[in-house]
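Taking it in order: structure first as structure tokens, then the write-up.
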Amino acid sequence: MTVLFWVIALASFATVAFLTYGALSYFNSRKMVRDRFKTGAPEAMPLIYRGEVNSFKKQFFDWISSLGKYAKDKQEDDSKLRQALIQAGFRHPKGTAIYFGLRFLLALMLPVLYLLANVMNGVLNRGNLLVCFLLAGAGFYIIPYLLRFITRRRQDRIDKALPDVLDMLIVCMEAGLSLQSTINRVSDEVKNISKDLFKELQLTNAELRTGIGREIALKNFGERTGVQNVKALVGLMIQSDRMGASIVQALRTHASFLRVQRSQRAEEQAAKMPVKILFPLLLFIFPAIFVVVLGPAAIQISKSAFFGGH
């Protein structure tokens, strides 16, 4: 009981300390910004308004990154993690620190909330300590699984919208536009179809405008998405450009291949349905049928045996 009391006390102290640190950092930053705007000259204002610099979201990310910046691994692992975050759609400059900060915060907050709930209900025993360790481990390891889930969802959305985007690329290039002009035009039109591809094409167009080579910009496009079909498309476009072949014909061939692949995937899922439906059929439907069909007969047999015995 004494050990549990000290665990509750330390967890409560850590929670209050973190909340106090976050509140003080937030109000201190707000005060610094107000003082700077009061003393600054009008000429010092930016030409383009980019939103409130010290918003609550930014303060929250800064606080989370301050928790996770000490837990970052080697630079190689950090680059791999940053690549995984980019493929999931997170491009914050402090993305890796925020990632580790969220893992640390969840590992701390879940046991604290569980202990506070037990204290309020008056239920405290030795089993609570084991549950706290399990919750801390779950909070620490749930973020990587969540990141992989978000990445898979985003890649599926990109894969589904890719054939329609290819049709737009073909139409624009057949109209006589260059590759950079085609990407610029298609990125504006594809916003209502796929926001993920819209952002990726915008980044590719920005790289081409800054002077990055076409081959490098296309490779970066494939690496940012992590979708195998996009990487195959990028490789096909680069190879066609090197060989001097028609990129339009390569795009048309790849678009037809993607549609055939999608239909084959649908047929494969349809073929798997009888096997997948077998287990819920055996577990839920067959027992109910047996109860309905054999239930009255079992009742009659039991009544006959009972009255026959008397």
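Structural remarks
- Taking a point 7 Å out from the Cα of Lys231 in the direction of its Cβ, the residues of region 245-273 whose backbone N falls within less than 18 Å of it are 258.
- Gain in span if fully extended, Phe257 to Val291, counting 0.36 nm per residue against the direct Cα distance: 7.2 nm
- Subtracting the Cα-Cα distance of Asp167 and Phe90 from their residue separation scaled by 0.36 nm leaves 24.9 nm.
- Over 29 Å between alpha carbons, listed pairs Lys58/Lys191; Lys94/Lys199; Lys219/Lys272; Lys80/Lys195; Lys195/Lys219: Lys219/Lys272
- Overall form of region 116-265 per C-alpha gyration tensor (a/c, 1.5; a/b vs b/c): prolate
- Net lengthening on full extension, Leu282/Lys191 (0.36 nm per residue, minus Cα-Cα): 28.2 nm
- Inter-probe distance in nm under a simple model that places probes 7 Å from Cα toward Cβ, at Gln249 and Val123: 7.2 nm
- Between the beta carbons of Ser240 and Arg152, assuming R0 = 41 Å, the FRET efficiency works out to 0.85 to the nearest 0.05.
Every number here is computed from the coordinates shown, using simple stated rules; none is lab data. In this text the structure is predicted, and so the values were computed from the model without any measurement. Cβ atoms come from the backbone with ideal geometry, glycine included; neighbour counts cover every protein chain shown.
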